[in-house]
Amino acid sequence: MTTQDLIEKIGLKPLSRFDHRPVEGVYISDMVSDVMAGAKSGNLWLTVQTHKSIVPAANLVDVAAIVITGGKEVPEETVELATKYGIAILSSPIPTFELVGKLYALGLGG
Amino acid sequence: MSECQHQWEMVNIRFGFVVFEKCYHCGGVRTYFSREGIPILGDKYREGDHFWNRVENAQSFRFDLICRKCNDAENFDDLMGLMYCTGCLPDCRVEVLRKKLEAERVHILLACGFLSESDAKPKQIPARKLTKLTAYFNQRRVMARSLMSIIPFDLEDGFSRCKGEFLHDVGMLSQEPLQIRTSPF
């Protein structure tokens, strides 16, 4: 499973510019510190947080992509920083719980 | 020197808050880690000649690293946080280094110790700890095509000009839009 597959299969909208890469597992958290402590390399990070600090945190632990759920608007400065780092920010209008169900059905686990 | 090819693991994770306090009397700023529920912003108290006011809380965590091969352990209670460079000062040596290393696909973060009212700069984290922390995060980044390097924050003028930002959950207790932040420094 890659970020490209997820965009095509569940309609995630890419906001930043990035190279597609494999996705292994899902991590859900709205705390940067929690992600720094627990996310794994290649994870898809689901969150409603949009502050630009999510970008260097994602870079630090090497998540495959940040997915902003529930249709929350992402500030331009966050998208710009993500593009600078090559971090994928994807957006979904679907609430986190529902999106997790779709990801699980595609074979992605925790 | 150890010959172990260390395999670091983050252990003993304790979530809490980094609290920023400012003294109205001397203008000094100090920070510390607290595990109390939610430190109350605006809480004021007197301590000797100081009149402390809590001006910022940031959700954060403490941790240790341990090598699963040789059991070498390191405690990071002195780490206030990691900061990323926002490129605010083109002539800053951190910015110069950041640009140089990013061309080599190495990203930098700055490690800051806590502040005391008598210091303009955060306390330094020993180099041996930063070496271990860098190794730990690079070991975690198994699918990455770049490296991380965690370097000391040792800018001469401390935080007074630097607009770098901490990887803390400042203002993230609420989903309300962030107000414009006022630096405690």
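Please treat every number below as a calculation from the coordinates, not as lab data. Because the structure is predicted, anything quoted here is derived from the model rather than measured. In this analysis, Cβ positions are derived from the backbone assuming ideal geometry, glycine residues included, and neighbour counts consider all displayed protein chains.
A few notes on this one:
- Rough spin-label spacing in nm, given labels placed 7 Å along Cα→Cβ, for A:Glu73 and A:Glu98: 2.1 nm
- Antiparallel content of DSSP bridges confined to chain A, in %, to 5: 25 percent
- Packing-based exposure ordering (other Cβ within 10 Å, fewest first) of B:His25, B:His168, B:His107, B:His6: B:His25, B:His6, B:His107, B:His168
- Peptide-level mean, for A:53-66, of C-beta atoms on other protein chains within 10 Å: 5
- Cα centroid separation - the range B:13-45 against the range A:45-69, whole Å: 26 Å
- Sequence-distant contacts, meaning Cα pairs under 8 Å at least 6 residues apart, place the relative contact order of chain B at 23 percent.
- For the pair the range B:65-106 and the range A:7-30, the centres of their Cα atoms are 26 angstrom apart.
- Subset of B:Lys121/B:Lys163; A:Lys52/B:Lys163; B:Lys99/B:Lys163; B:Lys69/B:Lys132; A:Lys9/A:Lys52; A:Lys84/B:Lys100 violating a 21 Å alpha-carbon distance limit: A:Lys9/A:Lys52
- Net charge dipole, chain B: roughly 500 debye, given to the nearest 20, about the Cα centre with Cβ charges of +1 for Lys and Arg and -1 for Asp and Glu.
- Whether the range B:8-170 is rounded, prolate or oblate, judged on the alpha carbon gyration tensor where a/c under 1.5 counts as rounded: oblate
- Placing R0 at 22 angstrom, the Cβ-Cβ distance between B:Tyr45 and B:Ser160 gives a FRET efficiency of 0.30 after rounding to 0.05.
- Size of charge dipole - chain A - debye, nearest 20, with Cβ of Lys, Arg +1 and Asp, Glu -1, no other charges: 100 debye
- Estimated [θ] at 222 nm from DSSP helical runs (n ≥ 4, -39500 (n - 2.57)) normalised by residues in chain B, nearest 500: -4000 deg cm²/dmol
- Cβ-Cβ distance of B:Glu36 and B:Arg105, R₀ of 51 Å, FRET efficiency by 1/(1 + (r/R0)^6): the value works out to about 0.80.
- Three-way shape call for the range A:3-105 based on the alpha-carbon gyration tensor, with the a/c threshold at 1.5: rounded
- Residue order, fewest to most surrounding Cβ atoms within 10 angstrom, among B:Thr31, A:Thr47: B:Thr31, A:Thr47
- The trypsin sites (Lys or Arg not before Pro) of the range A:4-46 that meet both conditions, a loop assignment by DSSP and at most 15 other Cβ atoms within 10 Å of the site Cβ, are A:Arg17.
- Dipole of the protein assembly as shown, positive direction: furthest Cα of B:Asn71, B:Cys4, A:Ser92, with charges on the beta-carbon: B:Cys4
- Cα gyration tensor shape for the protein assembly as shown, rounded if a/c is under 1.5, else prolate or oblate: prolate
- Spin-label model, A:Asp19/B:Ser146: points 7 Å from Cα along the beta carbon direction are separated by 1.1 nm.
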